[in-house]
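Comments concern the structure below.
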Amino acid sequence: MSLWGGRFSEPSNEDLRALNDSIDFDHVLYAEDIEGSIVYARALADAGVIEQAEAATIIAGLRQVMQEFDDDRFEIQAGDEDIHTAVERRLTEIVGDVGGKLHTGRSRNDQVATDFRLWSIRAADNLAGEIRLLQTALVNMAEAHIETLMPGYTHLQPAQPISAAHWLLSFFWMLERDQDRLRSARARMAECPLGAGALAGNPFAIDRQQLAADLGFDHPSANSLDAVSDRDFVADLLYCISLCAIHLSRLAEDILLYSNPVFGFVALDDRYSTGSSLMPQKRNADPMELMRGKAGRVIGNLTGFLTTLKGLPSGYNKDLQEDKEALFDSLETMYRLLPVLTATISSLRINREAMAAALSSDLLATDLADYLVRKGLPFRQAHHTIGAIVRLADERGLDLPQLELALLQSVSSDFTEDVAQVFDFRQSVAQRRAFGGTAPAAIRQQIEQAREILA
Ligand code: ARG
């Protein structure tokens, strides 16, 4: 029998139940649901609504239900509409009619909001842990490649030489912003809806401060009507996940490009490569393509859920039940992606020679302009002058270092013998030692900063 069958003369239709029931997916909230019920039973007794002995019986029964779930012995039955119904049904089987006192003053509306917040806090912590592992892999790999040079790109066109460590660490910082977002989302999750009732609040002398504290929340929610229908925390988390997935997809795209033989900068370990059923020579990076592809899926979950929330009338609406599958799916997707990307990075082979071979002298054109700046030319003028020299080299089919000094001097009298020193990739990189730059000295600082965060 359902929790609300009293006012109906006929049982609900089977198709309706298939649509309405959430037990198939919300059973994973059992621990949070039971923890919430245990503290609520205590609160009812403390408020004098039920006897302390009754609370003790209810709590013992709830612990038994918890054990059944933990041991995978809990049997879901036909009328178990959702996790809240299932737990209460089983509790009453175990402890008898006193089980029916647990729901006094409580609604599934404040109950589910509480369960899902608790669950989401834990999920945010788990996700942060997985992201940490990827960040650690990036820093470790970066540390081994401070002196490895590669072309840096803008518009995917060769731009300036950088250290491979700099490239890897750029993703560390994206992920650190994801961590920061998760932390701030988590802080907003930490308010306790329990005691909000269906919408109007709790009519018994429940101590909501105590309820919140007992469940590990920072404080109770301030407005019961808001509390039961607020799913901002789900949207927050879906957004955190989406942006993180976007970061993963960008790293994956770099790996896809750089592992293409045209670049040849990196090679994936056999364990993280895939092959072709037709072309025997192929080494594909399907997992990296899935990083890209699945970002679309989690963004879809975010967009879908925001659309669900839009324009809902005040108070709880069943639309909100859509919060769970969206978040479950997005998290599960991340738990699949993150370990694979972490292992891919840890086992990535970086081909120093191929990276060095891709360094063409035109990457030093900016350094050449800076050379003229150091001779006293305004940068804008130096930029123009070097532009003319690049065109000259182009016309003659020569690389910049092959241009005769006399020819350079015919364009600008500021060129002297020492211009030859500009054509040194290592020096170009070493000069960029201002904080946050690609010079080895700046990267060591960056790694130190990253290590402190990881510690
Ligand atoms: N399964 C429901 C959900 O996830 C629980 C709350 C149901 N509340 C109600 N008034 N029908 O939102």
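The values are calculated or read from the model by the stated rules, or taken from the named source; none is laboratory data. Remember, it's a predicted structure, so these values are computed and weren't measured experimentally. For neighbour counting, all protein chains shown are included, and Cβ atoms are generated from backbone atoms with ideal geometry for every residue, glycine included. Side chains are part of the model used for accessible areas, which takes the heavy atoms of the whole protein and leaves out ligands, DNA and RNA. Shrake-Rupley method; radii C 1.70, N 1.55, O 1.52, S 1.80 Å.
To make sure I understand the rule: partners must be lysines, Cα under 30 Å from the Cα of Lys294, and not fewer than 8 residues away in the same chain. Which ones qualify? Partners within reach: Lys282, Lys310, Lys318, Lys324.
Using a probe of 1.4 angstrom and keeping all protein chains present, the accessible surface of segment 194-257 works out to 39 square angstrom per residue. Between the beta carbons of Tyr335 and Ala200, assuming R0 = 45 Å, the FRET efficiency works out to 0.70 to the nearest 0.05.
In whole angstrom, how far apart do the alpha carbon centroids of segment 337-365 and segment 75-113 sit? What the calculation gives is 56 Å, centre to centre. Relative contact order, whole percent, for segment 267-326 stands at 21, derived from Cα pairs under 8 Å and 6 or more residues apart. For the chain, taking the reciprocal of the average inverse distance between every pair of different Cα atoms yields a Kirkwood hydrodynamic radius of 26.4 Å. Amide H contacts for Asn284 (H built 1.01 Å from N in the peptide plane; partners 5 or more residues away or on another chain; cut-off under 5 Å): Thr274, Gly275.
Helical content alone sets the calculated 222 nm signal of the chain at -20000 deg cm²/dmol, taking -39,500 (n - 2.57) per DSSP H segment of four or more residues and averaging over every residue. Short-range pairs are left out: with C-alpha atoms under 8 Å and at least six residues apart, the relative contact order of segment 48-166 is 16 percent.
When Rg and the Kirkwood Rh are both derived from Cα coordinates, the Rg/Rh ratio for segment 107-193 amounts to 1.24. Surface composition of segment 291-356: carbon plus sulfur atoms hold 52% of the accessible area, using a 1.4 angstrom probe and ignoring ligands, DNA and RNA.
Using 0.36 nm per residue and subtracting the Cα-Cα separation, the extra length available between Gln64 and Ala430 on full extension is 125.2 nm.
To put it simply, the accessible area of segment 113-272 at a 1.4 Å probe is 52 percent carbon and sulfur. Hull volume per residue, based on the alpha-carbon atoms of segment 191-343 and their convex hull, is 140 Å³. Solvent-accessible surface of segment 136-177, averaged per residue with a 1.4 angstrom probe and all protein chains in place: 36 square angstrom.
With R₀ fixed at 41 Å, the C-beta to C-beta distance from Ser276 to Thr307 puts the FRET efficiency at about 0.60.
Probing with 1.4 Å while keeping every protein chain in the model, the per residue accessible area of segment 333-408 equals 52 Å². Taking only protein heavy atoms and a 1.4 Å probe, the accessible area of segment 370-455 is 50% carbon and sulfur.
Shape summary of segment 16-75, radius of gyration then Dmax from alpha carbon positions: 13.9, 40 Å.
Quick one: plug the Kirkwood hydrodynamic radius of segment 308-455 (C-alpha pairs) into Stokes-Einstein at 37 °C, 0.692 mPa s, and report D in µm²/s.
Roughly 159 µm²/s, to the nearest whole number.
Couplings 3J(HN,Hα) of segment 380-387, computed from phi: 4, 5, 4, 4, 5, 4, 5, x Hz, in residue order, whole Hz [Karplus 6.51 cos²θ - 1.76 cosθ + 1.60, θ = phi - 60°; x for Gly and Pro]. Each part gets one Cα centre, and for segment 391-455 versus segment 12-28 those centres are 65 Å apart.
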